[in-house]
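Nothing in this text is a laboratory measurement; each read-out follows from the coordinates by a stated rule. Not measured: the values here are computed from a predicted model. In this analysis, Cβ positions are derived from the backbone assuming ideal geometry, glycine residues included, and neighbour counts consider all displayed protein chains.
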């Protein structure tokens, strides 16, 4: 018997209740009955092309593919009946007709679904004696992906991923019949920001990673779960090392964050961790102006000496620090040194995060929506950076929300964004006119598609945009309805730094400070004017990242004693007086807080080079020297302090951060009506802690891991869901409580000369970490300037010309690209080959001229 | 729907050809359905499906070139390599083989001085062996650019080649004139598009080339006539 919510079926003699519409293959797996498969992947729609999952269903004349058969009431299924076993053996014998037995030299060997399933379900021998199909070996179809077509079993996973999930259908099945092969279009590379996912989901070794090729065997690897250190989406990943070198990162699933996917920057951008350029010991500028190695005791004592006796101190933190670092930095600055001049906004200097709270969009200076609220939203308003470049996996979630869940997406931007291709409404705002465009939304054609639930996505996108005005306008838009906000700060640590009060007008737990301090710009200005004694920089490369390179340079030369905690001798670091080496994300236990304020844990895998330390330990040591012993010795100690002092974090259970959650729910079902609140089944099975620092072996070796571990290459299929930080309750601050300066970049009216300058991040650039990552650093593109065609005509510029872009007395020669961008606006990318945009972004406007 | 209001960067489908492509696309409720006719159009212009042609089709339809390649490479009538002006396809399946198809193939091979699968040096003829052409009653049979010829002998097959080479008009079994590869491809592309100025005989030769109803939208299914859709009442 069953009701509407449940059907009862029998699988291999065991009765099981399941939600109608779920796929037989998933229900069987949750029961512990593994049905072999190649083409089925829980993150994509089933296609039933590999025919490996055929099972016997009573009353059906032929075997049925479990991956595309929805469960039905009274269904009696047998996966071990003679016919089904015959089919499985037969399919494997067919697949092995052409598949080479080159497992000993194949990267996939040891973690290969074909290998494992052949052992488990194969016939044991082949009757086929003819020559196998061969192709040209090792086709490099992009800078990152290598294709060996003879290994392919034509499961379509890469094709479906590229088409369904990424929307970059660059890899396809070409030709037909026995000649069918996976291929890209002739000389056009597999140039997708998400191409690495196809390597991870390939059930054979047909698609392999160029940086990882022949680097390690899976059983040589040590692994630990972690969180990507780049953007604020915070995708969970594995760090995998061989001989104490980080050699591979892969996506871990979290249905709340990234489903099964990560971008290529996260996957291939790890080499910086093992770079020879890492700082390994504290350095002090000596008498002859050269750096010399010093001991920690010496270096810290020198820094502490400078900090004593009422020194005027400014503290700036970069966006890649952990939540623990953030808490320690805030505590050191405010409680020990006694300064409120502390900020964590560098590239995003002046971003009005606190206004999100003040405008009433959210109870915190952060998101009130979760990423998955996008999928259930009726309306999504996007007012952030181009997500495909800056927050790639969020782009996938937005795409899925629109294409799979029928959300209406309204994009307001002066220039074309990657979202425009599938957005419901694209509002091309005038240069500098975004706030007005938001205010006019309700009288625009987009108004018909504005309804609840609504998610407003905002993130600082560009120095040329008046973000304070934009947030205020979004507040007015959201106030009329029950809108939630997804706030998108740029980096992996940005939200954690805000939560911990590394901000001039916010204290930890999003409490408004009674007397706000200086923000990044004002701190740098004070340093430049000689009004600071000490400038403490935690992972903040102000010369490269702060939107006014000139001011940053003057700040470092303004006479303040500059102390830098860094991974690398960056340009800022090399102009400091003391350099303190920091541990990188793969070397530390910690947490990142992502853009939906989800706290996820990083486990240590490697030793930090030399004597590099976690930034929070540096803060502890400095505090002790300054007479305040915090008594922290471990990650747990830091969190005990956070939990008892930060009102939004009192409930965070750090043990739960490393506990395994349920297996991820499949993203697609059979098309039956489904309950949107469904979150997938919880697998009964061995519980306990996530295995730390070692791999859990291939499925059939250990006999206890779920076979979905193939999708994770050896990791167990459980997610670590993380914990979303609490929101402060109580009265929200009044607008007068905030005096965050908005930077100098607000456009100053129509009459001004020149073009409104927009700058934005491209996925691959010459940032500090990525430029040390050997796989990606050569992908950074040539710098360019985007310009409206009409404007170009007036300036007698055409596509490909070199234009001289001038602002504030500096100039750059950039290649002209004609683009869909508002008249009177130009766009330049940050940090492309040999060009730092922040030499120009100090001015709200630039002028353009032909290069004569 | 892909933007087809400007021809921007196309290189093969330009000018009048671009206009033809536009009319073909406009006949489909879902623009990507036009991928095969457009590839035939490219073949009609270029003689085979060129890389640039596939890029043009992708640009017009808003697809990636890889997607166009995936569709195009599946069909053997779309040629990825330069092909002969006249493609001679001789059936070699059971009925034809019994009635001497191999002698026809050998005679043609000798006359043209090429092996099956190759193109003559002057590019005029291409010889291939074909699987069943569904004309067993006329075995041994062959097609020249998809027009049927029945009950061949080595001599009659060679004679057809001679006549085409002399520039004579040759008609197939159903009375249709044998046209060049390009002409046939072009006709295939525009069949059903009802282009203004289309030669009447193209329309007459079109089988099943009906345009969809004006009000048809993406995802619509054709309405069944009263007598359709049920089996055995």
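Quick notes on this structure:
- 0 to 90° range, to nearest 10: angle between helix A:615-625 axis and chain A longest Cα axis: 40
- Computed over the stretch A:754-852: relative contact order in percent, which uses C-alpha pairs under 8 Å that are six or more apart: 42
- Short to long, the 10 Å bins of the Cα pair-distance histogram for the stretch B:86-179 hold 18, 56, 25, 1 percent of all pairs.
- Among B:142, A:500, A:454, the ranking by other beta carbons within 10 Å of each residue's beta carbon, starting with the fewest, stands as A:454, B:142, A:500.
- Rounded Å value of the spacing that divides the Cα centres of the stretch A:460-488 and the stretch A:53-82: 52
- For the protein assembly as shown, the share of DSSP beta bridges that are antiparallel, to the nearest 5, is 60%.
- Overall, the anisotropy analysis places the stretch A:146-225 in the prolate class: the square-rooted eigenvalues a ≥ b ≥ c of its C-alpha gyration tensor yield a/c not less than 1.5, with a/b exceeding b/c.
- Geometric extent, Cα atoms of the stretch A:217-316 - Rg, Dmax (angstrom): 19.7, 57
- Overall form of the stretch A:367-488 per C-alpha gyration tensor (a/c, 1.5; a/b vs b/c): rounded
- Here, P(r) means the percent of Cα pairs in each 5 Å bin from 0 to the largest distance; for the stretch A:800-846 it is 5, 19, 31, 31, 13, 1.
- Rounded if a/c under 1.5, otherwise prolate or oblate - the stretch A:7-96, Cα gyration tensor axes: oblate
- The distance separating the Cα centre of the stretch A:169-209 from that of the stretch A:256-320 comes to 40 Å.
- Computed over the stretch B:5-160, Kirkwood Rh from alpha-carbon pairs, angstrom: 17.1
- Structural descriptor for chain A: relative contact order 14 percent, calculated from alpha carbon pairs under 8 angstrom and at least 6 residues apart.
- Ordering A:591, A:69, A:280 from the fewest to the most neighbouring beta carbons within 10 Å gives A:280, A:69, A:591.
- Nearest-ten-degree value, helix A:82-98 long axis tilted from longest Cα axis of chain A: 60
- Between the stretch A:334-358 and the stretch A:812-832, the C-alpha centres lie 30 angstrom from each other.
- The DSSP beta bridges internal to the stretch B:86-179 are antiparallel in roughly 55% of cases.
- Share, in percent, of DSSP beta bridges within the stretch A:469-600 that are antiparallel, nearest 5: 30
- Gyration tensor over the Cα atoms of the stretch A:544-637: the corresponding equivalent ellipsoid has semi-axes (square roots of 5 times the eigenvalues, largest first) of 26, 19, 14 Å.
- Distance between modelled label sites at residue B:14 and residue B:176, nm, 7 Å Cα→Cβ extension: 3.3
- Inverse of mean 1/r across different Cα pairs in the stretch A:130-274, Kirkwood, Å: 16.0
- Within 10 Å of the Cβ of each residue in B:59-71, the mean number of Cβ atoms contributed by other protein chains is 5.
- Note that the stretch A:755-850 shows a convex hull volume over its alpha carbon atoms of 88 Å³ per residue.
- Remark on the protein assembly as shown: Rg and Dmax equal 32.9, 111 Å (Cα only).
- In chain A, helices alone account for a calculated mean residue ellipticity at 222 nm of -5500 deg cm²/dmol, with every DSSP H run of four or more residues adding -39,500 (n - 2.57).
- Computed label-point distance, nm, for sites residue B:148 and residue A:813 using a 7 Å Cα→Cβ extension: 7.0
- Rounded FRET efficiency, nearest 0.05, which uses the C-beta distance separating residue A:191 from residue A:404 and R0 of 35 Å: 0.90
- Compared with the dominant principal axis of the Cα atoms in chain A, helix A:392-403 is inclined by about 60°.
- Solution diffusion estimate, µm²/s, Stokes-Einstein, the stretch B:1-81, Kirkwood Rh from C-alpha pairs, 20 °C, viscosity 1.002 mPa s: 176
- Site pair residue A:139 and residue B:94 shows an inter-label distance of 3.7 nm when each label is modelled 7 Å from Cα along Cα→Cβ.
- Averaging 1/r over every pair of different alpha carbons in the stretch A:586-667 and inverting the result gives a Kirkwood radius of 14.9 Å.
- At R0 = 51 Å, FRET efficiency that the Cβ-Cβ distance of residue A:443 and residue A:15 yields, to 0.05: 0.30
- Sites residue B:109 and residue A:89, calculated FRET efficiency, Cβ-Cβ separation with R0 45 Å, nearest 0.05: 0.50
- Diffusion of the stretch A:470-612 by Stokes-Einstein, at 4 °C in a medium of 1.567 mPa s and with Rh set to the Kirkwood radius over alpha-carbon pairs, works out to 74 µm²/s.
- Fewest-first sequence of A:769, A:383 by Cβ atoms within 10 Å of each Cβ: A:769, A:383
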